[in-house]
Amino acid sequence: MENFIYSIPTDIYFGKGQIRHLPKIITEYGKRVLLVYGGGSIKRNGIYDTICDLLKKEGIAFWELSGVEPNPRITSVRKGVDICRQYDVEVVVPVGGGSAIDCAKAVAAAVSYEGDAWDLLIDPSRIVSVLPVVTVLTLTATGSEMGRSAVISNMDTNDKKGFAHPDMRPKASILDPTYTFTVNAYQTAAGTADIMSHIIEAYFSKEEGYMQDRMAEGLLKTCIAYGSKAIAQPDDYEARANLMWTGSWAMNNVLKLGKNIPWSVHPMEHQLSAYYDITHGAGLAILTPHWMEYVLDETTVDKFAEYARNVWDVSLSVQDPMQTAKEGIRRTAEYFQKLGLPSTLREAGITDTDCFEAMAKKAALETKQAYRTLTKEDILRIFQAAF
Ligand code: NZQ
Ligand code: ZN
């Protein structure tokens, strides 16, 4: 296990009705707020009204950045920065899934930076200071509510980039599983696949981390047990609650501390979103089994067999490590299909391979040090196999 510093200071308010704490949390940091949200789900399910009432009662002034896109754009970040500067905003409060939260984090980081916000995506060391971020989570997937990263797209250049800073980690997050009852089956499935991918990315590392890997297996089993339950019954509180807390733990760094290794599938998926604007979790569900098959060989077979045995209980029926490993990969793909996710890029609406070369080139910049090094050619083959 490598050396690490453990510091995950986000306060989590978990459970039904925890929104009542929001005004108290905000006023620790200020009384001028930017609310950041997406295309209107929070208005349809009543969360918006609840929050506005709470803020007004406490005399907290707020301005709004609405319409943040899934796969949030740099153009939305720029709008948010302008509002913050114009009204001297002190606290940024995203209400939504990863897209609203990431946009809010980027706004919070860019307000004090004199140049264009996109510069910070290219070089986060330019971040001067970050406004406090307090999140209200409405979709279980990215773990952004407890993490220090944000992912922003620039559709002019087909770039989707992640950046991170310790101060971008939310000061507090409100996780009320009932807020996710209205998430539809597709987004629930995509969110579950995203959580599973975060865990898998940390699990397949060259560094040993026995304790982290046993935690990872438990978290994966939780996704497997509750992902389909939440889809079958959207208001199943236990299912939504287990997924919600797992989503945060998958990304709050615990699983990768001590075995930090660049990820493999996310850099490839981010290219799919950047070029074709597809749902992040759906892209991961398509690519993950193909990546697994591609990197499975005599050097990785033991880890994949361990995964198959401990996550999918495969050893009960198959003894040979290679066969065990392949069965684990097969069950991974089968589970994503059972959730209703696409299994090929064509099914996700991608009709040509024209951009694959350029996408593979960009993704390969991030996968040199991955679990198994992936060159541009490797990535191209994975895209083609997934097509
Ligand atoms: O925009 P609204 O109307 O709110 O609708 C959203 C959106 O259409 C809807 N939704 C959210 N909460 C809902 C709801 N619908 C009904 N009821 C609710 N309670 O769901 C749709 C998707 O929302 P979005 O926020 O885009 O989803 P997600 O949380 O999956 O976030 C995806 C983004 O996060 C990035 C992804 O790349 C993508 O851009 N990621 C961020 C990471 C991070 N910050 O560390 C890591 C991840 O790997 C990922 O890359
Ligand atoms: Zn992800």
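Some points to look at:
- One residue alone among P170, P177 is within 27 Å of R78 (Cβ to Cβ), modelled with pLDDT of 95 or more and crowded, with 20+ Cβ neighbours inside 10 Å, and that residue is P170.
- The one condition in (1) part of a loop (DSSP other than H, G, I, E, B); (2) under 25 Å from S273 (Cβ atoms); (3) within 15 Å of ligand 1 (Cβ to nearest atom); (4) in the same structural domain as G340 (by TED's automatic domain parsing) that M244 fails to fulfil: (1)
- For the range 359-374, the candidate set comprises residues that are open to solvent by 10 Å² or more (accessible area, probe 1.4 Å) and in contact with a Lys or Arg (Cβ under 8 Å, 6 or more places away or on another chain); within that set, the residue that is farthest from I122 (Cα to Cα) is Y371.
- Qualifying strands (runs of 3 or more DSSP E) (wholly inside the range 134-192; at least 2 residues being more than 20 Å from A363 (Cα to Cα)): 134-137, 172-175
- Residue list for the range 61-94, filter: acidic (D, E) and within 16 Å of ligand 1 (Cβ to nearest atom): E64, E69
- Listed by first and then second residue, the pairs with beta-carbon distance under 9 Å, at least 6 apart or on different chains, first residue in the range 260-279 and part of a loop (DSSP other than H, G, I, E, B), second within 12 Å of ligand 2 (Cβ to nearest atom) and among the polar types (S, T, N, Q), are W263/S197; D277/N71; I278/N71; T279/N71; T279/S273.
- Any hit, the range 30-49, residues being open to solvent by 10 Å² or more (accessible area, probe 1.4 Å), more than 16 Å from ligand 1 (Cβ to nearest atom) and not small (G, A, S): yes
- Condition met for A230 (modelled with pLDDT of 95 or more, under 12 Å from the mean Cα position of the chain (by Cα), crowded, with 24+ Cβ neighbours inside 10 Å and within 14 Å of ligand 1 (Cβ to nearest atom)): no
The values are calculated or read from the model by the stated rules, or taken from the named source; none is laboratory data. In this text, all values refer to a predicted model and were calculated from it rather than measured experimentally. Using ideal geometry, Cβ is built from the backbone for each residue, glycine included, and neighbour counts are taken over all protein chains shown. Just so you know, the surface numbers come from the protein's heavy atoms only, side chains and all, with ligands and any DNA or RNA stripped out. Shrake-Rupley method; radii C 1.70, N 1.55, O 1.52, S 1.80 Å.
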